[in-house]
Structure formats: structure tokens, C-alpha cells
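Remarks on the structure that follows.
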Amino acid sequence: IDRLVRALRDDDGEAPPANPAAIEELLARHRAGGLRIEADLSGAGRVLPRSVAWAGYRILQESLTNAARHGLGTATVAVSFQPQAVEITVTNPTAGNGSTPGGGHGIVGMRERASVLGGTLEAAADHGVFRLHARLPHSLAGL
């Protein structure tokens with residue numbers, strides 16, 4: 001139970017809205033903060049179960065925060081609302097040595113959020129580009 005609570009908790013006490021419009025608001029906030037974002041949202045009219053919407057929002061939020069902190073000021077975001085799952089991909093160039101951003105629990109927490117819902121999360125850096133891909137299925141969203 002502790003692992004479930006840790007994976008799904010809202011770290012800052014603010015519960016994100018459980019609808020696709022929240023993604024647009026999140027992107028706008030990060031753009032206002034100086035991150036140049038190219039976004040492709042497909043199937044965004046689909047309403048997700050709250051647990052999936054919430055986890056997806058937090059994963060995207062953490063990914064954009066990492067892109068702003070560890071990247072070179074740009075990020076590409078693709079969110080695909082599919083019939084059985086939502087997929088989130090964030091890529092950004094990095095100035096680092098090609099290693100995955102670390103030191104905190106951000107990627108671990110994102111992976112836990114995805115795993116609790118029966119999803120997956122992959123994160124890796126290669127040749128100066130960091131890529132994160134999460135897949136959150138709807139079929140197990142009743143947790």
C-alpha cells in the first residue's frame with residue numbers, strides 16, 4: 001500500500017484536473033517559463049479515467065520539468081489518446097554526457113506511477129537526446 005500511495009501521491013498537494021484540457025494548460029505554463037515546446041496531441045477529445053489522467057499529467061509534468069532543468073531549452077511532446085491506452089513521449093536535447101538525468105526520484109516515481117496502472121515507462125539518453133516514453137492502459141484504470 002505504501003508503494004501505491006507513493007506512486008500516485010500528489011507531491012505538491014495540488015490535484016491536477018482529470019481531463020485532456022489540463023495538458024494544454026500544463027504546456028502553456030512551461031512555455032511561459034521559457035521552455036520551447038513542440039506538441040502533438042492526438043485523440044485529445046477522449047476522457048480518461050481519473051487515475052490514468054492523473055498519472056499521465058504527473059508524468060508529463062515531471063518530464064517537462066526535467067527537460068527545463070537538464071535540457072537545452074526545447075522539448076518535443078507527443079500525447080496519443082488511443083482506445084486502450086494513452087501514450088506520452090517527451091524528447092529533448094541535453095548538454096550532459098548522455099546519461100539519464102538523476103540524483104532525485106523523478107524517473108523512479110514516474111515509472112512507479114505507470115507500473116501501478118499496468119503501464120510502462122522507458123527513459124534513456126542517447127547521443128545528446130533524452131527520450132521518455134510512457135504507456136498507460138485504460139483497461140486497468142479501475143485501481
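The values are calculated or read from the model by the stated rules, or taken from the named source; none is laboratory data. A quick note: this is a predicted structure, and the numbers were derived from the prediction, not measured. Positions of Cβ are generated from backbone atoms using ideal geometry, with glycine treated the same way; all protein chains shown enter the neighbour counts. Ligands, DNA and RNA are stripped out before the accessible areas are found, and what is left, the full protein with its side chains, is counted by its heavy atoms. Shrake-Rupley method; radii C 1.70, N 1.55, O 1.52, S 1.80 Å.
Key figures
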item: Label zone at Val47, where the point sits 7 Å out along the Cα-to-Cβ direction: region 76-96 residues whose backbone N lies under 19 Å; result: 81-86
item: Accessible heavy-atom area order of Leu72, Leu26, highest first, probe of 1.4 Å; result: Leu72, Leu26
